[in-house]
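Laboratory data are not the source of any read-out in this text; all were calculated from the coordinates shown. Note that the coordinates shown come from a computational prediction; the quantities given were computed from them, not determined experimentally. Using ideal geometry, Cβ is built from the backbone for each residue, glycine included, and neighbour counts are taken over all protein chains shown.
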Amino acid sequence: GNSVTQMEGPVTLSEEAFLTINCTYTATGYPSLFWYVQYPGEGLQLLLKATKADDKGSNKGFEATYRKETTSFHLEKGSVQVSDSAVYFCALSKGPAGGTSYGKLTFGQGTILTVHP
Amino acid sequence: DAGVIQSPRHEVTEMGQEVTLRCKPISGHDYLFWYRQTMMRGLELLIYFNNNVPIDDSGMPEDRFSAKMPNASFSTLKIQPSEPRDSAVYFCASSPSILASGTDTQYFGPGTRLTVL
């Protein structure tokens with residue numbers, strides 16, 4: 001079945017540091033890949049997505065590239081801010097080719113990021 | 001757009017009581033999802049609907065849990081009887097039809113924090 005594995009957290013960084021959160025996946029075919037972010041006390045919200053190999057998703061200074069050869073979708077940001085402190089979830093969706101699984105997201109376990117001033 | 005609306009935001013109840021969580025999806029979205037989030041188990045998909053019809057309820061933990069979607073703008077998740085181990089944050093999410101929108105992004109509500117004493 002489908003699965004998503006994220007790097008273990010929590011991750012603690014100083015402001016302006018470089019961020020990488022690793023994500024690898026297992027799925028047949030060509031899933032869509034997502035990063036969702038959950039700020040304290042809130043629901044998840046989409047951060048970025050990529051729908052095919054070599055696509056790069058980007059938003060708010062965050063980037064992730066869909067690497068089919070390594071089945072990875074690592075999240076990066078060049079300079080983190082205190083306001084980026086949140087839980088980050090990698091996820092995949094099989095899309096229309098998923099048949100009865102269409103629309104269903106498979107989430108990783110989440111990575112807690114804390115950024116200190 | 002108001003986004004996904006959930007009520008109540010917080011619920012405290014005693015073991016054995018019936019609990020009903022409510023969700024209003026974004027207008028025009030064809031898919032509705034119920035998730036449960038705990039520290040121990042992370043984010044779990046409980047059930048999802050397409051055009052008001054349950055598609056996959058394999059994540060529903062046991063018969064004490066039931067979900068309904070009587071129309072396109074309302075869904076409920078009911079726990080009867082509730083137990084302390086049901087304490088969690090319950091999220092509702094909705095998604096448009098990819099055929100209509102070209103995306104399978106899910107939009108999450110703010111969640112209901114349930115505490116069963």
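List the pairs from A:LYS49/A:LYS77; A:LYS104/B:LYS78; A:LYS68/A:LYS94 whose alpha-carbon separation is above 19 Å, in the order I gave them. Violating the 19 Å limit, Cα to Cα: A:LYS104/B:LYS78. Between A:SER85 and A:VAL115, the built amide H atoms are under 5 Å apart, and every one of these is 5 or more places off in sequence or on another chain.
Here the 3J(HN,Hα) profile of region B:78-87, calculated from phi with Karplus coefficients 6.51, -1.76 and 1.60 at θ = phi - 60°, is 10, 10, 8, x, 7, 9, x, 6, 7, 4 Hz, Gly and Pro shown as x. Take every pair of alpha-carbon atoms less than 8 Å apart whose residues are at least six positions apart; their mean separation over the length of chain A yields a relative contact order of 35 percent.
Normalising the average separation of contacting C-alpha pairs (under 8 angstrom, six or more residues apart) by the number of residues puts the relative contact order of chain B at 36 percent. Fully extending the segment from B:PHE74 to B:VAL53, taken as 0.36 nm per residue of separation minus the present Cα-Cα distance, adds 6.3 nm. Region A:1-66 and region B:7-29 have Cα centres lying 29 Å from one another.
Counting Cβ atoms of other protein chains within 10 Å of each Cβ in B:31-43 and taking the mean gives 3.
Here the simple spin-label model places points 7 Å from the Cα toward Cβ, and for A:PHE18 and A:GLN45 these points are separated by 2.8 nm. Taking other residues whose beta carbon is less than 11 angstrom from the beta carbon of B:GLN37, and scoring Lys, Arg as +1 and Asp, Glu as -1, yields +2.
Which residues does the label zone of A:ASP55 cover in region A:20-36, counting backbone N under 13 Å from a point 7 Å along Cα→Cβ? So the set is A:30-35.
Evaluate peptide B:106-117: per residue, the Cβ atoms of other protein chains within 10 Å of its Cβ; return the mean as an integer.
Across B:106-117, the average partner-chain Cβ count within 10 Å equals 3.
How big, in percent, is the set of alpha carbon pairs in the protein assembly as shown lying more than 28 Å apart? That tail contains 31 percent of the Cα-Cα pairs. Take every DSSP beta bridge whose two residues both sit in the protein assembly as shown; close to 90 percent of them are antiparallel. Each Lys or Arg adds one and each Asp or Glu subtracts one; over the other residues with Cβ under 12 Å from the Cβ of B:ARG64, this totals -3.
With a cut-off of at most 15 other beta carbons within 10 Å, and DSSP calling the residue loop, which chymotrypsin sites (Phe, Trp or Tyr not before Pro) in region A:1-87 qualify? Please list them. Loop-located and lightly packed - A:PHE18.
For the segment A:36-43, counting C-beta atoms of other chains within 10 Å of every residue's C-beta and taking the mean gives 4.
Hey, what number do you get for chain B at 222 nm if only DSSP H runs of n ≥ 4 count, each worth -39500 (n - 2.57), divided across all residues, to the nearest 500?
Only helices count here, giving -500 deg cm²/dmol.
For region A:1-110, applying the loop criterion from DSSP together with a ceiling of 15 other beta carbons within 10 Å to the GluC sites (Glu not before Pro) yields A:GLU8, A:GLU15, A:GLU16, A:GLU42, A:GLU69.
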